[in-house]
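Enquirer: Before I ask anything, here is the structure I am working with.
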Amino acid sequence: MSKWRRIAIAQLRKAVEKRKSRIIRDLINLGYTKCEDGRQLYELPLVELEDLYKSMRTEKASKPIQQVKL
């Protein structure tokens, strides 16, 4: 494998891990910490994290806004 190919693969892995970290942080902020099947968020591949994040955002957006009485 060429030097440039190894560098490109390393950069891609780094970008995937950065994206996973960002999604995990956002999911935790939405109150989601663990999968129903018992897996931790960090164990999920990027595709599953993205699907979960989309569904959580959709679920949160569909809930009515609660008004707080002051």
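Enquirer: Note down all Cβ pairs under 9 Å where the first residue falls in the stretch 8-32 and is over 17 Å from GLU48 (Cβ atoms), the second is modelled with pLDDT under 95 and part of a loop (DSSP other than H, G, I, E, B), and they're at least six residues apart or on different chains.
Expert: Going by the 9 Å Cβ cut-off, the qualifying pairs are ILE9/MET1.
Enquirer: Something else: Taking the residues in the stretch 5-42 that are β-branched (Val, Ile, Thr) and more than 10 Å from the chain's Cα centre (by Cα) as candidates, determine which candidate is modelled with the lowest pLDDT.
Expert: Going through the qualifying residues, I end up with THR33.
The values are calculated or read from the model by the stated rules, or taken from the named source; none is laboratory data. Note that the coordinates shown come from a computational prediction; the quantities given were computed from them, not determined experimentally. Glycine gets a Cβ as well: all are built from the backbone with ideal geometry, and neighbour counts include every protein chain shown.
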